[in-house]
Each structure stands twice: as C-alpha cells, then as structure tokens.
Amino acid sequence: MAEQISQEGMHNHAYQYMIETIIPSDKRDKVYDFWRTDKVLSARCEFIAGFYQKYIDNPTKENYFIALLSDYLLEGLYFYNGFIYFYNLAARMLMPGSADIFKMINRDELSHVRLYQKLIPEAMQTFDYSLEYIYEMFNTAVEHECKWTNHIVGNNILGITESSTERYTKYLANTRLRAIGLDPLYTGAQYSKSPYTHLEKFSDTKKEGNTKANFFEASVTSYMMSSGVSGWDEI
C-alpha cells in the first residue's frame, strides 16, 4: 500500500509535467478544474468518491468492503481508455514520449489491480456482501467510463470508436470480475477479447519490459520525456 501511494504521487507529477509541457499557461487552470465544470466528468468522479465518503462518514464493515471494491474499479477500469488513447497515437508515431510515460503508469496500475485481486476474495470470505450490488457497481462504472470516453474522444481519434470503447470497457469489467472469482457480467464473444490487442506492443504489459519505441528499435525502459523539460529527473 505504501508503494502504491508513492507511485500515485509520481503519476501526479507525470500528469502535471505533461499538462504544463503541452498546454499553454492560460489554459491550464481550465484543465485542472475541468471536473468542476464538466458534468460527465464530475459524475464519473463522484460515483467512486461517494463510496469513499460514505465509509468516512459511517465506517462500517459493509462500507469498508464497498470502498475496497471502489478502489478496484478505480484502479482496474477507470484509467484504461485513457491509456488506449495514447497507445493509438504512438502507433502512428505521434507523441511517443507521452505513450512511454503512460506505459510505465500502466504497469504501476496493474500492480495495484493485482493487490486488490488478492484483497477482495479474502474480504468476500470475511464480510457480508450482496452479489447483485457488486454487479450493479461494475455496470455503473462501465457506463460512466463509456460515457466519459465517448464524450471526450468519441469517434474523433483514428483507431478508437464508440463501439470499440464499449467492447473494451466491458471486456475489462469481465476480466476484473473473473480475477476475483465471479462470473462475467457481459455475455457475447465481442466482450471476451480486447479490440486493442494490436496495441499491446506499445503498452508492454504482457512482455519483459523491452518494448521497442519506434521503427528503429529504440528501447524505452524508464520514465523520460524527449523534450528535455528541466526538473524531470527530480521526479
């Protein structure tokens, strides 16, 4: 858990450096405050945050179990369409340095997912829970993630469509459910396989950590920005 906290702090720094490198200074505040002004993003955030707040206000065993599930949804479902966005750009040799950063973040997030895949089955043997409510949480999280991705990306990026977003998000949900010993929520062959398997060479989450960054076989093995932004080493 301490390692997860440390990694999340590094992720925040990485996001901040990307924003401050790419986005003009007069537009940055709008990005940081976007969750306050965009109703789709606000609802997506409040869905997960509400479960945490419920446990803080009323720290019962039931609310603790729900908070664990919320973490699992946050770490295992919420970020991945964002990763896909950058991997799709990298497949066309656009913003490859940013994709490298997200590759590292992606690896960290999968280690967090693995942590909750160990914790939640143990919690299911310890605490009372409603299986119907678990599926309801997953389904609502999928709806939020699809709505947000289609709202901000939609069909406007080559390689991403509203259909592929739905297929990928539901595929992820089924995968996460199986990993904690539950049956898949979504039936159909289209939800049994990722529509983005061709991008795995960019995410490098199933290999040995030696993804080739471009046609000339340049290996990328650490956080690095090619733009030479000062201060990056301190992160």
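What the table shows:
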| read-out | value |
| --- | --- |
| Residue pairs meeting the criteria (Cβ under 6 Å; at least 6 apart or on separate chains; first farther than 21 Å from ASP183 by Cβ, in region 103-129; second small (Gly, Ala, Ser)) | LYS103/SER203; ASN106/SER203 |
| Single match in THR140, THR161 (criterion: surrounded by fewer than 15 Cβ atoms within 10 Å (Cβ to Cβ) and either at pLDDT 95 or above or within 16 Å of the chain's Cα centre (by Cα) (or both)) | THR140 |
| Test: residue in region 97-110 that is hydrophobic (A, V, I, L, M, F, W, C) and closer than 19 Å to CYS45 by Cα | no |
| Matching residues in region 164-204 - criterion: being within 18 Å of LEU110 (Cα to Cα), among the charged types (D, E, K, R), at pLDDT 95 or above and touching a helix residue (DSSP H, G or I) at 6+ places or on another chain (Cβ under 9 Å) | LYS170, ARG176 |
| Residues located in region 42-98, provided they are acidic (Asp, Glu) and either farther than 17 Å from HIS151 by Cβ or at pLDDT below 95 (or both) | ASP57, GLU62, ASP71, GLU75 |
| Pick from region 35-59, criterion of a type in the set (A, V, I, L, M) and without any contact (Cβ under 8 Å) to a residue 40 or more places away in the chain, ranking: farthest from ASN81 (Cα to Cα) | ILE56 |
| Residues of region 101-126 that turn out to be modelled with pLDDT of 90 or more and either outside any helix (DSSP H, G or I) or of a type in the set (Phe, Trp, Tyr) (or both), as a count | 1 |
| Any pair with Cβ under 8 angstrom, 6 or more apart, that starts in region 189-202 at a residue that is buried (at least 18 other Cβ atoms within 10 Å of the Cβ) and ends at one that is aromatic (Phe, Trp, Tyr) | TYR191/TYR171; PRO195/TYR168; PRO195/TYR171; TYR196/TYR87; TYR196/TYR168; LEU199/TYR87; PHE202/TYR87 |
| Scan of region 1-41 for residues that are in contact with a Lys or Arg (Cβ under 7 Å, 6 or more places away or on another chain) and either of a type in the set (Lys, Arg) or at pLDDT 90 or above (or both), ordered by number | VAL40 |
| Single residue of region 181-201 satisfying the filter (assigned to a loop (DSSP other than H, G, I, E, B) and within 18 Å of the chain's Cα centre (by Cα)) that is farthest from THR165 (Cα to Cα) | LYS193 |
| Tally of residues being crowded, with 18+ Cβ neighbours inside 10 Å and not in a loop (DSSP other than H, G, I, E, B) across region 147-158 | 3 |
| Matching residues in region 1-31 - criterion: being of a type in the set (D, E, K, R) and either in contact with a Gly (Cβ under 7 Å, 6 or more places away or on another chain) or under 23 Å from MET95 (Cβ atoms) (or both) | GLU8, GLU20, ASP26, LYS27, ARG28, ASP29, LYS30 |
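The values are calculated or read from the model by the stated rules, or taken from the named source; none is laboratory data. Just so it is clear, the structure is predicted and the values come from calculations on it, not from any experiment. With ideal geometry, Cβ positions are generated from the backbone for all residues, glycine too; neighbour counts draw on all protein chains shown.
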